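Below is one structure, written out as structure tokens, with a few remarks after it.
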Amino acid sequence: GFHDGAHGYFSYWRGNTSDQSTFVIARDDGAIVAVVRVPKIRYDDIVCGVNPIMLGGGRFALAVLRWETPDLVQDQTFLAGTLAAPADSLAVTAVLDRDDVGGNRPVQRMRVTESHLAAELVPGYEVILLDEHGDIVSSTFDLPRSTHLDDAVEDAMFVRHRALPIEVRVGTAGGTTRPFLPIDGISVAHLSTDGRHMAWLKLIGWDGARAERIELWASPYTEDAAALVPTFLGEVAFSRPHLGAAHVVAIEARAEGGLEVVVFDAGGSRIGVVELPPDTQLIKPWAAYVGPEEVAIAPKPVMTPGTEALTVQFIRYDALRPE
């Protein structure tokens, strides 16, 4: 999802037919912003697969993969458009074949910004950054594999390299990635940023499988490790932080049911237990978007594959109790 300061936006897959995949982009007031239909183009025996739409920086993007065989990708087409004019703006950003990405490397995860696309490739886990012309302007090809995409802002991508300690690196147009975190030799994970602030997890006592303690830290946004101003927010479970409108949100599923939601802002922190709507589940404790007054989550219906319905639950900050 994505929040532009006035509205929150989210997308969902409506389903497949024999010749196309359909996605819906909707707004927090229930308005349908766009219905995006992507043809499932076939070339002889080559079949296309479509990755879900990603939203960010006022844009949306998706990748179409052409499979030469069930196990071999021929090429990948990246499409992007603007939320301001979604129906008219969808266009090809890049077409990458196997040689461009070092072999049979389909996209697993993407981030879209105002001008760039960042994509995580599997197997091997490497990350590339594409500019508005579709050129690869930064990558992790110079690192040992096992690098994951955490987030991206404008022409910068933040990637997590699973060494010991786990480190976050930043890559910008025209260069390879460079060290960013940690600054104290302690493993970090799940950096998230909205371009104004950034937050990450510090894994105290990480042994490669578990940590003795997990801390949530934040800083004003920067791409320069020397300019970081780390601020300790609190201890949390191992859940990805989400940022937006000067709020940091951590969501964790409870063993006894429901979600624990913790929100940090300039006034301190708030915490609450939120029950999901009947017959729904939140498969991963992630936010659809973080806005100035609420965080949105998108629980999925239980045991109803292929449904066209979407449940969006809004959790207002003022409904949570101060810690």
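The values are calculated or read from the model by the stated rules, or taken from the named source; none is laboratory data. In this text the structure is predicted, and so the values were computed from the model without any measurement. Because the Cβ atoms are built from the backbone with ideal geometry, glycine has one as well, and the counts that use them run over all protein chains shown.
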Inset, instruction - Please find, within segment 144-176, the residue that is nearest to residue 220 (Cα to Cα) out of those that are touching an Asp or Glu at 6+ places or on another chain (Cβ under 8 Å) and hydroxyl-bearing (Ser, Thr, Tyr). - result: 172
Legend entry - Whichever residue in segment 191-202 is over 11 Å from residue 248 (Cβ atoms) and at pLDDT below 95 and, among such residues, is surrounded by the fewest Cβ atoms within 10 Å (Cβ to Cβ): 196
Inset, instruction - Check segment 52-71 and report whether any residue there is in a loop (DSSP other than H, G, I, E, B), at pLDDT below 90, among the aliphatic types (A, V, I, L, M) and under 30 Å from residue 314 (Cβ atoms). - result: yes
Inset, instruction - Identify, by number, the condition in (1) under 21 Å from residue 180 (Cα atoms); (2) in a loop (DSSP other than H, G, I, E, B) that residue 237 doesn't meet. - result: (1)
Legend entry - Residue in segment 255-268 that is within 21 Å of residue 7 (Cα to Cα) and touching a helix residue (DSSP H, G or I) at 6+ places or on another chain (Cβ under 6 Å) present: yes
Legend entry - Positions within segment 78-118 being farther than 16 Å from residue 157 by Cβ and basic (Lys, Arg), in sequence order: 98, 105
Legend entry - Counted residues, segment 28-39 - those being surrounded by 15 or more Cβ atoms within 10 Å (Cβ to Cβ) and at pLDDT 80 or above: 4
Inset, instruction - List every residue pair whose Cβ atoms lie under 6 Å apart, where the two residues are 6 or more positions apart in sequence or sit on different chains, the first residue falls within segment 204-218 and is at negative phi, and the second residue, located anywhere, is at pLDDT 95 or above and among the small types (Gly, Ala, Ser). - result: 206/187; 218/199
Legend entry - Residue count, segment 170-183 (criterion: buried (at least 22 other Cβ atoms within 10 Å of the Cβ) and either out of contact with any strand residue (DSSP E or B) (no Cβ under 6 Å at 6 or more places or on another chain) or over 18 Å from residue 115 (Cβ atoms) (or both)): 3
Legend entry - Single unsatisfied condition, residue 174 versus (1) over 28 Å from residue 136 (Cα atoms); (2) over 18 Å from the mean Cα position of the chain (by Cα); (3) part of a loop (DSSP other than H, G, I, E, B); (4) at pLDDT below 95: (1)
Inset, instruction - Output yes when any residue across segment 11-18 is in contact with a helix residue (DSSP H, G or I) (Cβ under 7 Å, 6 or more places away or on another chain), part of a strand (DSSP E or B) and at pLDDT 75 or above, and no when none is. - result: no
Inset, instruction - Tell me which residues, restricted to segment 254-292, are surrounded by fewer than 12 Cβ atoms within 10 Å (Cβ to Cβ) and either closer than 18 Å to residue 316 by Cβ or modelled with pLDDT of 90 or more (or both). - result: 266, 267, 268, 275, 277
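Which of the residues spanning segment 111-125 are modelled with pLDDT of 90 or more and more than 12 Å from residue 79 (Cα to Cα)? Step through it out loud before you land on a result.
We begin by selecting, within segment 111-125, every residue modelled with pLDDT of 90 or more; these are 111-122, 125.
Result: 111, 113, 114, 115, 118, 119, 120, 121, 122, 125.
Go through segment 72-130 and count every residue that is in a strand (DSSP E or B) and of a type outside the set (D, E, K, R). Write out each step before concluding.
Going residue by residue through segment 72-130, those that are in a strand (DSSP E or B) are 72-82, 91-97, 107-112, 117-121, 126-130.
Imposing the further condition that a residue be of a type outside the set (D, E, K, R) reduces the set to 72-74, 76-82, 91-96, 107-108, 110, 112, 117-119, 121, 127-130.
The number of residues fulfilling the criteria is 28.
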Legend entry - The lone exception for residue 251 - which of (1) in a strand (DSSP E or B); (2) on the phi > 0 side of the Ramachandran plot it fails: (2)
